[in-house]
Number of protein chains: 2
Amino acid sequence: MITFDDILAAERVVRPVVHRTPLLSSSTFNAYCGNRVFLKAENLQRIGAFKIRGAYNKIASLSPEERQRGIVAHSSGNHAQGAALAAKLLGVRAVVIMPKNSPAVKADATRGYGAEVVFCENSLDDRERVAKRYADEQGLVPVHPFNDDKIIAGQGTATLEVGDELKTLDYLFVPVGGGGLIGGSAVAAKHLWPGVKVIGVETEPANDAQRSLRGGSIVRIDPPDTIADGMRTQAVGTRNFEIMQKHVDDIVTVTDAQVLEMMRFLFERMKTVAEPTGAVAPAAVYHNVLGLSDKTVCAIISGGNVEAEMIRRIYA
Amino acid sequence: MITFDDILAAERVVRPVVHRTPLLSSSTFNAYCGNRVFLKAENLQRIGAFKIRGAYNKIASLSPEERQRGIVAHSSGNHAQGAALAAKLLGVRAVVIMPKNSPAVKADATRGYGAEVVFCENSLDDRERVAKRYADEQGLVPVHPFNDDKIIAGQGTATLEVGDELKTLDYLFVPVGGGGLIGGSAVAAKHLWPGVKVIGVETEPANDAQRSLRGGSIVRIDPPDTIADGMRTQAVGTRNFEIMQKHVDDIVTVTDAQVLEMMRFLFERMKTVAEPTGAVAPAAVYHNVLGLSDKTVCAIISGGNVEAEMIRRIYA
């Protein structure tokens, strides 16, 4: 399991390339939920999501020989762009396997960062199969989106930045997909703020991590139907789960409707663009699912890569 | 004319109540225009625009007797909300005169900050007439949106914050309505960065300040038809013009189409919501109307209060 020192080491690696993202706050948000709330705006991160942190830390850790070979990643979302940009910045070849139903803009963005995009069938199984074939045949180094210590430590650097600004914190809310972000965040938080509670958040249809944590073993679910595409991971990773069992206090859920309402509030009142997954943790705080009052709370906006179609849907 | 010390004094007044807004950057933006660009995100300011800075500095400067009487402001836009919130924070009664065609959401927001909203006819003349009547009959202190030293000094605090983060700067681009923001910004900038060029930006139909500066006297135009509603001011103020003549190097224009393109880029690539007037200065940098290369440039996003209707228009 990673330690706080691993996150400090990751910070030294990623510092020159990542944005130091701001904490956003709103007196209307605070008044509505009755707490002092700070939103860590990783939607303002490079590639529009926190994923660059872990991907850069991972690829920078490869040996010269591995860098020479190049990397392969599979993703329908932000990990694709994170791995592509990290590889480009480090001068490493990147092949990214994307399901053929990926939005054209995401494939274009990934190519824009210099990666070779290979399309596969839409199932996770096929993505893994094709990625493994490229790794085997071309000697590419697989870069997993979450079940990897370097990835987890890199994602934890976002919370390290929060620690520079908030000297006390009662609660940290983090969205949970595969568990990379909450893994690094929880290790960082428990070291930075003694007594802090770390709360994972999922949408209701995608509550595999909640069931896993409460039941004591990893639960695998069918691909959930939820607006939050970063929550469509069917199970958390083993390394991520180990951290969650030790450092995450609970996992709560919000509805897709609450996520949409949060996106619109963030947009209209806080002038910031969150993708559905990025609005999940703020939504749990805004709708105060834990019934907190007068606490200092931070929630991570994990990303802002929202399609024009989604905007039209919200403002239709 | 205000001095740098007036801005330092304003900073001490507004610090406890305003957000310290971040500088945003994008490698795509930089690559497109060929400069190192930082956007001062005053759209993330309280009330969604820089206006709270000047209004708070002004109302805080009133004597106890004046505060007892209350203030009156007239505005169709962000000054209404800035004056209302500043008055509320200082426990001062506020009456805000708004044209009857103001969007309901803006009147609601102004009332939400505790101000009394009085509707008038849509002309500037009628707004001024009604405001004067309230001032005369009820003894309210008028708070002008821009032609006032305390207002100008307060608006200058945004650039003071930029100075804490950028130790060198070649160009500062600022949108020009009545001249409050560029007045304070120019005084601050010329003190902070020796040799910096301060450039005002207007939309083409609203080029009164450009004509005024180039011609050497204040030009008054008919209400311009432009998407940028903060540019509909028909003439800059006398105090603002005095500063502009001394400290502003040039005023350039962008088209409404360029503003819309910028809004969409800011939204999609930089995950931040700018109102049309807020996108005017970034648009001049992005479309590089001065033909700069390899310069360090800052542009102020003045606000983010955009109506849902505008979003639908952009994404239609």
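Given label points at 7 Å from Cα along Cα→Cβ, what nm distances, shortest first, separate residue B:238 from the same residue in every other copy?
Those label-point separations list as 8.0 nm.
Would you mind computing, in nm to one decimal, how far apart the modelled labels at residue B:90 and residue B:225 are, each placed 7 Å from Cα along Cα→Cβ?
4.0
Would you grab the residues whose amide H sits under 5 Å from the one on residue A:201? Only those 5+ places off in sequence or on another chain, please, with H modelled 1.01 Å from N.
A:174, A:176, A:252
Mind checking how much accessible area B and A bury in total, 1.4 Å probe, in Å² rounded to 100?
Details: alone 12680 and 12680 Å², together 23560 Å².
Rounded to the nearest hundred, the buried surface is 1800 Å².
Tell me, how many Å apart are the Cα centres for the stretch B:176-222 and for the stretch A:203-222?
Their Cα centres are 58 Å away from one another.
If you count, for every residue in B:265-276, the Cβ atoms of partner chains within 10 Å of its Cβ, what is the mean? Don't jump to the answer; show the numbers that get you there.
Numbers: counts 0, 2, 6, 9, 5, 5, 19, 7, 8, 1, 1, 0.
That works out to 5 on average.
How many nm separate the modelled label positions at residue A:234 and residue B:128, each set 7 Å beyond the Cα in the direction of the Cβ?
7.1
Under the rule of at least 5 residues apart or a separate chain, name every residue whose amide H is placed under 5 Å from the amide H of residue A:237.
Distant-sequence amide H within range of residue A:237: zero hits.
Once phi is turned into ³J(HN,Hα) by the Karplus curve 6.51 cos²θ - 1.76 cosθ + 1.60 with θ = phi - 60°, what whole-Hz value does each residue of the stretch B:53-62 show in order, with x for glycine and proline?
Taking θ as phi minus 60°, the curve returns 4, x, 5, 5, 4, 5, 5, 5, 7, 5 Hz for the stretch B:53-62.
Looking only at other chains, what is the average number of their beta-carbon atoms within 10 angstrom of each beta-carbon in B:20-30? Spell out each step's value before the answer.
Numbers: counts 1, 2, 8, 2, 5, 3, 4, 4, 3, 0, 0.
Mean partner-chain Cβ count within 10 Å for B:20-30: 3.
Pairs of alpha-carbon atoms within less than 8 angstrom and 6+ residues apart define the contacts here; what relative contact order does chain A have, in percent?
Working: 691 pairs, mean separation 67.4, N = 316.
After rounding, I find 21 percent.
If you draw the axis that swings chain B onto chain A, which residue of B has its Cβ closest to it, and how far is that in whole Å?
Taking Cβ atoms only, the nearest residue and its distance are B:22, 2.
Could you work out the longest stretch of chain B that avoids the trypsin sites (Lys or Arg not before Pro) located in DSSP loops with at most 14 other Cβ atoms within 10 Å? Don't skip to the answer; put the middle values down first.
On the way: sites that count: B:20, B:100, B:167, B:220.
With trypsin sites (Lys or Arg not before Pro) excluded where exposed in loops, chain B gives B:221-316 as its longest stretch.
For the stretch B:139-155, in order, what is each residue's ³J(HN,Hα) by Karplus, 6.51 cos²θ - 1.76 cosθ + 1.60 with θ = phi - 60°, in whole Hz (x at glycine and Pro)?
Karplus-based 3J(HN,Hα) across the stretch B:139-155 equals x, 6, 8, x, 10, 6, x, 8, 8, 7, 4, 5, 5, 4, 4, x, 5 Hz.
Please compute the net charge surrounding residue A:286, taking Lys and Arg as +1 and Asp and Glu as -1 over other residues with Cβ under 14 Å from its Cβ. Kindly include the intermediate steps, with their values, before the conclusion.
Values: positive: A:36, A:264, A:269, A:295; negative: A:261, A:268.
Taking every other residue near residue A:286 into account, the sum is +2.
Taking amide H positions as placed 1.01 Å from N in the peptide plane, with prolines and chain starts having none, which residues 5 or more places from residue A:119, or on another chain, fall under 5 Å of its amide H?
For residue A:119, whose amide H was placed from the backbone, the distant partners under 5 Å are A:98.
Just name one of B:299, B:182, B:285: the one whose Cα is farthest towards the positive end of the charge dipole of the stretch B:150-307 (beta-carbon charges, Lys/Arg +1, Asp/Glu -1).
B:182
Residue by residue through the stretch A:234-245, which ³J(HN,Hα) values in whole Hz follow from phi under the Karplus form 6.51 cos²θ - 1.76 cosθ + 1.60 (θ = phi - 60°), with glycine and proline marked x?
With the stated coefficients, the stretch A:234-245 comes to 7, 7, 6, x, 5, 5, 5, 5, 4, 5, 4, 4 Hz.
Could you pull the accessible area for residue B:113 with a 1.4 Å probe, rounded to 10 Å²?
Its heavy atoms expose roughly 40 Å² to the probe.
How big is the accessible area of residue A:193 in square angstrom, nearest 10, if you roll a 1.4 angstrom probe over the protein chains?
10
Would you mind giving the mean number of other chain beta-carbons within 10 Å of the Cβ of each residue in B:303-314, as a whole number?
Details: counts 1, 6, 3, 3, 1, 5, 1, 1, 6, 4, 1, 4.
Averaged over the peptide's residues, the number is 3.
Calculate, for residue A:3 and residue A:214, the FRET efficiency according to 1/(1 + (r/R0)^6) with r their C-beta to C-beta distance and R0 30 Å; round to the nearest 0.05.
Numbers: r = 26 Å, r/R0 = 0.86.
Taking R0 as 30 Å, the efficiency between residue A:3 and residue A:214 is 0.70.
Please work out how much accessible surface residue B:38 shows to a 1.4 Å probe, ignoring ligands, DNA and RNA, in Å² rounded to 10.
Surface accessible to solvent at residue B:38 totals approximately 60 Å².
Under 20 Å between alpha carbons, and skipping anything fewer than 8 positions from residue B:100 in its own chain: which lysines qualify?
B:132
Considering only the label points, 7 Å along Cα→Cβ from Cα, what distances in nm to one decimal separate residue B:170 from the same position in each other copy, shortest first?
Result, one decimal in nm: 5.0.
Mind listing the label-point distances from residue B:211 to the same position on all other copies, shortest first, one decimal in nm, points 7 Å along Cα→Cβ?
When each copy's label point is compared with this one, the spacings are 6.9 nm.
Which of the lysines could a cross-linker span from residue A:246 if the Cα-Cα distance has to be under 28 Å and same-chain partners fewer than 8 positions apart are dropped?
Those lysines meeting the cut-off are A:40, A:51, A:58, A:150, A:167, A:190, A:197, A:295.
As I understand it, the dipole of chain A uses +1 on the Cβ of Lys and Arg and -1 on the Cβ of Asp and Glu, about the Cα centre. Which of A:171, A:255, A:115 lies farthest toward its positive end?
Working it through, the farthest residue towards the positive pole turns out to be A:115.
Have a look at B:153, B:84, B:31 and tell me which one the Gaussian network model of chain B (Cα, springs below 10 Å) gives the largest fluctuation.
B:31
In the stretch B:52-146, if the dipole is taken from +1 on Lys/Arg beta carbons and -1 on Asp/Glu beta carbons about the Cα centre, which of B:141, B:54, B:80 is farthest to the positive end?
B:54
Please give every one of the aspartates and glutamates within straight-line cross-link reach of residue A:106, meaning a C-alpha to C-alpha distance under 17 Å, and leave out same-chain neighbours fewer than 8 residues apart.
By straight Cα distance, residue A:106 reaches A:116, A:121, A:229, A:275, A:307, A:309, B:268.
The values are calculated or read from the model by the stated rules, or taken from the named source; none is laboratory data. Because the structure is a prediction, the values reported are computed rather than measured. Reconstructed Cβ throughout: ideal geometry from the backbone, glycine too, with neighbour counts over all protein chains shown. For the accessible areas, the whole protein counts, side chains as well, though only heavy atoms, and no ligand, DNA or RNA atoms are used. Shrake-Rupley method; radii C 1.70, N 1.55, O 1.52, S 1.80 Å.
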